[in-house]
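These notes concern the structure reproduced below.
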Amino acid sequence: MSNLKQQARLLWCDAEANSIQLSTRKGVAEVVRKASRAGINTIIVDVKPLSGEVLYLSEIAPRLKEVKGHFYPQSFDLLQTMVEEGHSSGIPVHACINVFSEGHRKWNRGPAYSQPEWQAITYEGGNPPKFSLMQDSRHETFGVFVNPIGPAREYELRIIREIAHRYNIDGIVFDRMRYPNLYADFSPISKMAFEKWIGISNLRWPDDILILSNDEKIIRGRYYKEWLEWRAWQIKNFAGDAVHLVRSINPKIKIGVYVGSWYDTYFDVGVNWGSENFHPGYEWMTADYNKTGFAELFDYICTGCYYPDVTQEEARSAKGNENLSVEAACQLSMKAISGASNVYGSLYLLDYKQRPDKFRSAVDMVLRNTQGIMFFDLVYLEDYGWWQILEEVFTNDAIAPHDAND
């Protein structure tokens, strides 16, 4: 193993998009066979999608029963099957969970619907200000998010514990370990916790944080920056507890997280995925915002470099902004994480539909600028017939850096 090139090649298998393909052992085995032939060295399988309904045999969470008219077999354990098939082909398998999403707004299903007290509370604007449950929010989001410090917090840790304890997984990946947007969580629980953290009482709510004007503009309150820092602390604190929990069960399990690469605006979902030592001094940051960085906690971070333009020059020409490119996203990811964790640039294959040459260029850009690549998603490799491209790109075997010392 030590003589192999270190280059992560991760394939993400979304639960909703691949529900038919991944509903039988034959289908799973076929995916693993293609992945092995294409040079993939880590498979990420989504077993707790945003509906909160799972695709493994859980004693805690409800099962995913139906996706767009397709009824998922209730006795089929996708996670166990993927582990068995992956290991038989020598491919590590990492389980993905959508941490704080417990419902699907289009399906009107999920644990958050039966447990509304779990849901994040969103600020909807208005005078007097209006607040609503996530399921009723006018702010656009597919998932029904729960409050990271509310009663669902322990439930999420129980899910993580169950997977890490019961399955012989090689890794676990946290997705949607965040707030849904800038307008959550404005619950009484969060108000009291923030007041305690900042050391004041009788906070004007939400005016001291922000006001959403009638024309949808954000007017910052006097504690706006502190609120951004506090929310980032809540995500980091949960991440720390989750990582410690997994390592206490099995220290060999590798732990990753997915985030968007747009670091300069990612504060709107309450996440600082950079290193504790990275402080670029953006105007919305407090002096201590860098301390909320959670990169040091993880073995790897997948940053979504989701742009159709590959080079900075292309983006500058097409959009007048070189930052809207795979190249710039990779560079920012590496700079923000600063060696605290392995960085795997991630591509959204839909961005390159009917443009296989551009896809090749994007793959090359990511591999030249980060320590590996994550492909989102399996369904596009299948639909576009791009397995052959990966076989041509990955001509040599490689081991993911997160597995290099095993």
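The values are calculated or read from the model by the stated rules, or taken from the named source; none is laboratory data. A quick note: this is a predicted structure, and the numbers were derived from the prediction, not measured. Backbone-built Cβ (ideal geometry, glycine too); neighbour counts: all protein chains shown. We work out accessible area using only protein heavy atoms, side chains counted, and drop any ligands, DNA or RNA first. Shrake-Rupley method; radii C 1.70, N 1.55, O 1.52, S 1.80 Å.
The number of residues in the range 76-115 that are assigned to a strand (DSSP E or B) and not hydroxyl-bearing (Ser, Thr, Tyr) comes to 10. Within the range 290-309, being more than 17 Å from residue 234 (Cα to Cα) and either of a type in the set (Val, Ile, Thr) or assigned to a loop (DSSP other than H, G, I, E, B) (or both) holds for 299, 301, 303, 305, 306, 307, 308, 309.
In the set (1) assigned to a loop (DSSP other than H, G, I, E, B); (2) open to solvent by less than 30 Å² (accessible area, probe 1.4 Å), residue 73 fails one condition alone, (2). Is at least one residue of the range 177-187 touching a residue at least 12 places away in the same chain (Cβ under 8 Å), surrounded by fewer than 20 Cβ atoms within 10 Å (Cβ to Cβ), part of a loop (DSSP other than H, G, I, E, B) and within 16 Å of the chain's Cα centre (by Cα)? Scanning the range 177-187 turns up at least one residue that is touching a residue at least 12 places away in the same chain (Cβ under 8 Å), surrounded by fewer than 20 Cβ atoms within 10 Å (Cβ to Cβ), part of a loop (DSSP other than H, G, I, E, B) and within 16 Å of the chain's Cα centre (by Cα). Of everything in the range 289-300 that is among the hydrophobic types (A, V, I, L, M, F, W, C) and in contact with a helix residue (DSSP H, G or I) (Cβ under 6 Å, 6 or more places away or on another chain), the residue that is most open to solvent (accessible area, probe 1.4 Å) is 297.
Out of everything in the range 214-259 that is over 30 Å from residue 160 (Cα atoms) and of a type in the set (Phe, Trp, Tyr), what residue ends up being least open to solvent (accessible area, probe 1.4 Å)? If we take residues in the range 214-259 being over 30 Å from residue 160 (Cα atoms) and of a type in the set (Phe, Trp, Tyr), then 224 is least open to solvent (accessible area, probe 1.4 Å). Could you list, ordered by first residue, the pairs with Cβ atoms under 7 Å in which the first is in the range 223-245 and in contact (Cβ under 8 Å) with a residue 12 or more places away in the chain and in a helix (DSSP H, G or I) and the second is β-branched (Val, Ile, Thr) and open to solvent by 10 Å² or more (accessible area, probe 1.4 Å), at least 6 apart or interchain? Taking only residues 6 or more apart or on different chains, the pairs are 225/286; 226/198; 226/286; 229/286; 234/149. The residue pairs whose first member lies in the range 358-369 and is modelled with pLDDT of 95 or more, whose second member is open to solvent by less than 50 Å² (accessible area, probe 1.4 Å) and of a type in the set (Phe, Trp, Tyr), and whose beta carbons are closer than 7 Å, counting only pairs six or more residues apart or on different chains, are 358/352; 359/352; 359/386; 362/352.
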